[in-house]
Amino acid sequence: MKIILSRKGFDSSSGGCPNPVFPDGSLLALPIPDQRSVVRYDQLNHQGMILGELVEDLTGGRVPASSGAHLDPDLCAGHLEREPGWRPVLGQSGSAQGHLRKQAVDAGDLFLFFGLFRPVERHLGRWRFVPKTPSRHVVWGWLQVEQVIGVDELPQDERAWLAYHPHCQRDIDCNNMLYLGHKQLSLANHLAGAGFGLRLHEACVLTDPAASRPSAWRLPRWFYPGHQREPLSFHHKPERWSRNSRYCFLQSVARGQEFVLDSRAYPAAKKWAADIINTLSETSHAS
């Protein structure tokens, strides 16, 4: 099994700000803006909250409520009115898809979605980020792949429920792929094959609590790339890695979407991923 740490949601370059952690400890990964999308923020519902006002407040109006939203990965049926047959799905194309193909990511592999998060509060009737609070990288969702299929190869019975998806709004492109989610997680059959957490858990935080930058990660010690073990992809430079008696530390790359780890070289990775998903599932919305 390959485990893919997949950067998704708002950040400084896509959306222009972090994703929110609400005063009650709940969190939400916001779909990035997409002018070509047929789905708007003011159409999206999360736990009774319409996302248009939230996005407009947090971006200072740079992203209006009527803007198109790139709803991908799409892990929750309740976010939008659906056609029959909907299931969790991730789309990928371009250089990021090229990397997934090079890494031979396929059915059975597991995406762990992470993003940049920061606390928010209501102030003078609007949402804002809590002053002087840090941003952190947090794992917020997962999807185990049941099928990988090109958008141009979709059978007719799949096209209706996928018509809304941003990767189905594009011109013909043989590198435009969809990753369809499993119903059940193979690592733990009692868990759904895709879903997301509704609350912030410290066990799902990647950022080192002692670091000043969210890209400085604290990971389990076994993550350290030892002799003849390929490191997490995009992180081959030895100077990015260090460790002590308890942890492995990584200065993660500033850009890049998909970071792949092969569990054949890192056997402890499966239990680590299962533990994170179990933690997320304590308050998850799973489909």
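Could you pull out the residue among Leu261, Leu232, Leu280 that is part of a loop (DSSP other than H, G, I, E, B), at pLDDT 95 or above, among the aliphatic types (A, V, I, L, M) and under 25 Å from Gly197 (Cβ atoms)? Lay out the reasoning, then the answer.
On the way: Leu261 fails: part of a loop (DSSP other than H, G, I, E, B); Leu280 fails: part of a loop (DSSP other than H, G, I, E, B).
Just one listed residue meets the conditions, Leu232.
Filter segment 44-84 down to residues that are assigned to a helix (DSSP H, G or I), modelled with pLDDT of 95 or more and either in contact with a strand residue (DSSP E or B) (Cβ under 7 Å, 6 or more places away or on another chain) or buried (at least 19 other Cβ atoms within 10 Å of the Cβ) (or both), then give me how many there are.
Quick first cut of segment 44-84, residues assigned to a helix (DSSP H, G or I) only: 51-58, 77-79.
Within this subset, residues satisfying the condition of being modelled with pLDDT of 95 or more are 51-58.
With either in contact with a strand residue (DSSP E or B) (Cβ under 7 Å, 6 or more places away or on another chain) or buried (at least 19 other Cβ atoms within 10 Å of the Cβ) (or both) added as a condition, the list becomes 51-52, 54-58.
Result for segment 44-84: 7.
Scan Gln97, Gln156 and give me the residue that is at pLDDT 95 or above and more than 17 Å from Ala273 (Cβ to Cβ).
Values: Gln156 fails: at pLDDT 95 or above.
On inspection, the qualifying residue turns out to be Gln97.
Residues that are surrounded by fewer than 20 Cβ atoms within 10 Å (Cβ to Cβ), aromatic (Phe, Trp, Tyr) and not in a strand (DSSP E or B): does segment 85-92 have at least one?
Yes, some residue in segment 85-92 is surrounded by fewer than 20 Cβ atoms within 10 Å (Cβ to Cβ), aromatic (Phe, Trp, Tyr) and not in a strand (DSSP E or B).
Just to be sure before I move on: is Val138 in contact (Cβ under 8 Å) with a residue 24 or more places away in the chain, part of a strand (DSSP E or B) and among the hydrophobic types (A, V, I, L, M, F, W, C) in the structure I sent?
Values: in contact (Cβ under 8 Å) with a residue 24 or more places away in the chain: yes; part of a strand (DSSP E or B): yes; among the hydrophobic types (A, V, I, L, M, F, W, C): yes.
Criteria met by Val138.
Suppose we filter Phe234, Phe223 for residues that are surrounded by fewer than 18 Cβ atoms within 10 Å (Cβ to Cβ), within 22 Å of His99 (Cβ to Cβ) and among the aromatic types (Phe, Trp, Tyr); which single one remains?
Details: Phe223 fails: surrounded by fewer than 18 Cβ atoms within 10 Å (Cβ to Cβ).
Step by step, each of Phe234, Phe223 is checked, and only Phe234 is surrounded by fewer than 18 Cβ atoms within 10 Å (Cβ to Cβ), within 22 Å of His99 (Cβ to Cβ) and among the aromatic types (Phe, Trp, Tyr).
Rundown of residues vs (1) more than 15 Å from His79 (Cβ to Cβ); (2) buried (at least 19 other Cβ atoms within 10 Å of the Cβ), yes/no style:
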residue	(1), (2)
Asp11	yes, yes
Pro23	yes, no
Ala29	no, yes
Arg36	yes, no
Tyr41	no, yes
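Does at least one position in segment 120-140 carry a residue that is surrounded by 17 or more Cβ atoms within 10 Å (Cβ to Cβ) and more than 15 Å from Cys17 (Cα to Cα)?
yes
Across segment 133-192, what is the total count of residues that are of a type in the set (Ser, Thr, Tyr) and farther than 30 Å from Glu121 by Cβ?
Of the residues in segment 133-192, the ones of a type in the set (Ser, Thr, Tyr) are 133, 135, 164, 179, 186.
Checking the rest, the ones that are also farther than 30 Å from Glu121 by Cβ come to 164, 179, 186.
Residues that pass the stated criteria total 3.
The values are calculated or read from the model by the stated rules, or taken from the named source; none is laboratory data. Values in this document were obtained by computation on a predicted structure and should not be read as measured data. Please note: Cβ atoms are built from the backbone with ideal geometry, for glycine as well, and neighbour counts cover all protein chains shown.
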